[in-house]
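Here the structure is laid out as structure tokens; the discussion comes afterwards.
The values are calculated or read from the model by the stated rules, or taken from the named source; none is laboratory data. In this text, all values refer to a predicted model and were calculated from it rather than measured experimentally. Counting neighbours? That spans all protein chains shown, and the Cβs are built from the backbone with ideal geometry, glycine included. Surface areas here come from the heavy atoms of the whole protein model, side chains and all, with no ligands, DNA or RNA. Shrake-Rupley method; radii C 1.70, N 1.55, O 1.52, S 1.80 Å.
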Amino acid sequence: VQLVESGGGLVQRGGSLRLSCVASGGRLEKWNMAWFRQTPGQDREFVAAINWNAHDTHYEDSVKGRFAISRENRINTVYLRMNHLDVHDSAVYYCAAGEHWGGGVTPTTSYQHWGRGTLVTVSS
């Protein structure tokens, strides 16, 4: 499956963005999906995840209550709604697809397919 992210950009502190991830080459409902983010020189960091039928979601502590992950399997799309953005949220955001969470929700190794990322910059 191929993943393409969009929706990143420049936003002021306190603002909102919605990222989208469109999958092609396979049915999205087969996959657990996640968003990660990465800043220069840092490891890729887990942000949020959603299971194949959207009955189970997980969030990194710093984004709980501000970010919301959702999915629309019929159009092969996953979203990340980001509210109350702060400068520390600035990063390249990546969409990822994984077959199962047997190894845990947050490790990058739980996901076999990755997009190329979309840049989010939050200005102060």
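Structure summary
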read-out: The lone exception for S124 - which of (1) open to solvent by less than 50 Å² (accessible area, probe 1.4 Å); (2) of a type in the set (G, A, S); (3) in contact with a helix residue (DSSP H, G or I) (Cβ under 9 Å, 6 or more places away or on another chain) it fails; value: (1)
read-out: Residue satisfying all of: in the stretch 112-121; farther than 15 Å from G26 by Cα and in a loop (DSSP other than H, G, I, E, B); most open to solvent (accessible area, probe 1.4 Å) among these; value: R116
read-out: Strands (runs of 3 or more DSSP E) fully within the stretch 1-64 counting 3 or more residues that are modelled with pLDDT of 95 or more and among the hydrophobic types (A, V, I, L, M, F, W, C); value: 17-24, 32-38, 45-50
